1. Step by step: find N for segment 252-292, compute 2.2 N^0.38 Å, then divide the Cα radius of gyration by it. What's the final number?
2. Sketch the reach of a paramagnetic label on Ile196 as a point 7 Å from Cα along Cα-to-Cβ, and name the residues of segment 219-248 whose backbone nitrogen lies under 17 Å away.
3. With unit charges on the beta carbons (Lys and Arg positive, Asp and Glu negative) and the dipole taken about the Cα centre of segment 182-336, which residue among Gly267, Cys208, Met281 sits farthest to the positive side?
4. Just to confirm my numbers, what's the Cα centroid distance between segment 225-243 and segment 174-211 in Å?
5. For segment 134-149 and segment 247-275, write down the distance between their C-alpha centroids in whole Å.
6. When the Debye formula is applied to the Cα atoms of segment 216-265, each taken as the same point scatterer, what base-10 log of I(q)/I(0) results at q = 0.18 Å⁻¹?
7. Using alpha-carbon pairs under 8 Å, 6+ residues apart, how would you state the relative contact order of segment 212-313 in percent?
8. Find how much the distance from Arg305 to His221 grows on full extension, using 0.36 nm per residue of separation minus their present alpha carbon separation; answer in nm with one decimal.
Amino acid sequence: MAQLPVNKRSHASLSQQLSHSAEQAYKSEVNRIASSSSTLSTVSSERRRPMLRKSLSTPSLRFIEDSNVSVKTSSLIDDQYHQRAKEDDQKTNSSENAPMQADGCVHYKRFCLFVTPCCKKFYKCRFCHDENESHHFDRKTLTELICAECNARQKVQERCQNCGTLFGKYTCLICNLFDDLDKQQYHCAECGICRIGGRENFFHCKVCNMCLPMQMKTQGHRCIENISRSHCPVCLGDIHTSRIPCHIPYCGHLLHGTCFDQLLEFGHYTCPVCQMSLIDMTTLWEYLDIQAKLIPTPEKYEKERFHIFCNDCHKTSKAKFHFIGLKCCYCGAYNTTQNVQKRLSLVAAYDFFLHFSYQMDEARLDGV
């Protein structure tokens, strides 16, 4: 087959056109890639912007570059700062202007203010001081007070030496306590503090070293040496000088009445110290007896016996195995444990600790 002749000039022009179009295509492709890479770098840089670590209390916050938002944020922070500064000034002014107020506080009704020797400020009572300061104020160290009627500064006494105002219907110069409300207050020399409720309704137990209701003297109670000088096992707050009424369970370990109610509310029915039942659990033990009869024990566990310690009667025995629990053969309680030696050692150690604490307090009082 004969071949057609090729025109060299047309071939050269065609190659030039192809090379030019290829060059244009190459440039456009380079520009596209460059633009896309710049976009990717911008996105990646935005992704690499630092963020605060996300937690349960603080949400994650991104760095904001918008000037309007930053201005609003800074103004909001300034407002919060000025608001807090204003509140601090109000607290300071309230303490400074306290002598001009004649009424009492939420804790006591009295017609005087204390000049606290620790910080030289004016407060209506020690609780108001402790709520606003970072240190504790012992009211027995009080030496000066201010009359709320005439603002006369004077030594601690029952009446104002200037206007004759009675600072409180009940006054104890030993505890520096003034109260205008009748709460049947009385001062117990053995406890060393003032108590409410009437002296005729309480007696002072020398072993427990605290005032107890008179019915516990006739019905009897478990004495624990110097128990009132310990702290509440729930909130770790002081019991001896606390204004919160305390609860005395069967075991004798004191705890605040509010803490006792919270324990029962959350399903804790044993003492945090000795694990003894806080209330009468007879109804629950009878219910568990019925459930134990309805659920038979497998044959391979019928002969199993376990050495147990009862947290209620503090006796050791051997109990039959059951999925419901290990029942004490003496008192019928299911409040038992298999760690007998540890429980016996803990009870003995706690009794020794109470006795040692009492001796240390006696030595400290003798030194004073």
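Every read-out reported here was derived from the displayed coordinates using simple, explicitly stated rules and does not represent laboratory data. Everything numeric here is computed off the predicted structure, so don't read it as measured data. Note that we place each Cβ from the backbone using ideal geometry, even for glycine, and neighbour counts take in every protein chain shown.
1. 1.32
2. Residues 239-247 qualify, since their backbone N sits under 17 Å from the label point.
3. Going by the Cα projections, it comes out as Cys208.
4. When both Cα centres are located, 16 Å separates them.
5. So the separation of the two Cα centres works out to 34 Å.
6. -0.56
7. 18 percent
8. 26.8 nm
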